[in-house]
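Engineer: One structure coming up, written as structure tokens, with questions to follow.
Just so it is clear, none of the values below were taken in a lab; they were calculated from the coordinates. Worth saying up front: this structure is predicted, and the values here are computed from it rather than measured. Every residue, glycine among them, receives a Cβ derived from its backbone with ideal geometry; neighbour counts consider all protein chains shown.
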């Protein structure tokens, strides 16, 4: 027997350290950084449930990558973890206007370097029932920014690309 998907309402309850606390929703913050463009890159992502951090990670992206590649990598590692945790409703926040607008379909993906990363993120997106993408300012993305910088110091063996 077919059972319909029930989408739980998002209820704003309070704000904690600039992060809106919501019931039954997980929020992903992602970031990428690059020292030189192109240059060595790192990526980071953090998941919050009801305003509490439940997971974080960072990785070294590569020796000669662009900032946009690092940003997409942060998005992908966070989305992969959300899918692995069985999360079905996700709010995605990032300070890369390009990545957010491309994921929303507002900008075309014209760069060959980004096309495969974009496709990977879109495949991950299909595992979710509800997703929203929001551009946030860098000041509101400090945890993911710190993680992306941590990724710069990780070894090449940790590279996911």
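Engineer: With an 8 Å Cα cut-off and a minimum separation of 6 or more residues, compute the relative contact order for the range 14-155 in percent. Could you put the intermediate results ahead of the total?
Structural biologist: Values: 324 pairs, mean separation 45.5, N = 142.
Relative contact order, the range 14-155: 32 percent.
Engineer: Expected output is a single nm value to one decimal: the length gained when fully extending between residue 85 and residue 123, i.e. 0.36 nm times separation in residues minus the C-alpha distance. What is it?
Structural biologist: 12.1 nm
Engineer: By how many nm would the segment from residue 55 to residue 106 lengthen if fully extended, with 0.36 nm per residue of separation less the alpha-carbon distance?
Structural biologist: Values: separation 51, 0.36 × 51 = 18.36 nm, distance 2.93 nm.
Fully extending the segment from residue 55 to residue 106 adds 15.4 nm.
Engineer: Considering the zone a paramagnetic label at residue 134 would reach in this model (a point 7 Å from Cα along the Cα-to-Cβ line), which residues of the range 101-125 have amide N under 16 Å from it?
Structural biologist: 101, 104
Engineer: Then there is this: Given the peptides 56-63, 75-82, 127-134, arrange them by the average over their residues of other C-beta atoms within 10 Å, most packed first.
Structural biologist: Descending mean neighbour count gives 75-82, 56-63, 127-134.
Engineer: Another question about this same structure. Return the ratio Rg/(2.2 N^0.38 Å) for the range 14-155, where Rg is computed over Cα atoms only.
Structural biologist: Values: Rg = 13.9 Å, N = 142, 2.2 N^0.38 = 14.5 Å.
Ratio of Rg to 2.2 N^0.38 Å for the range 14-155: 0.96.
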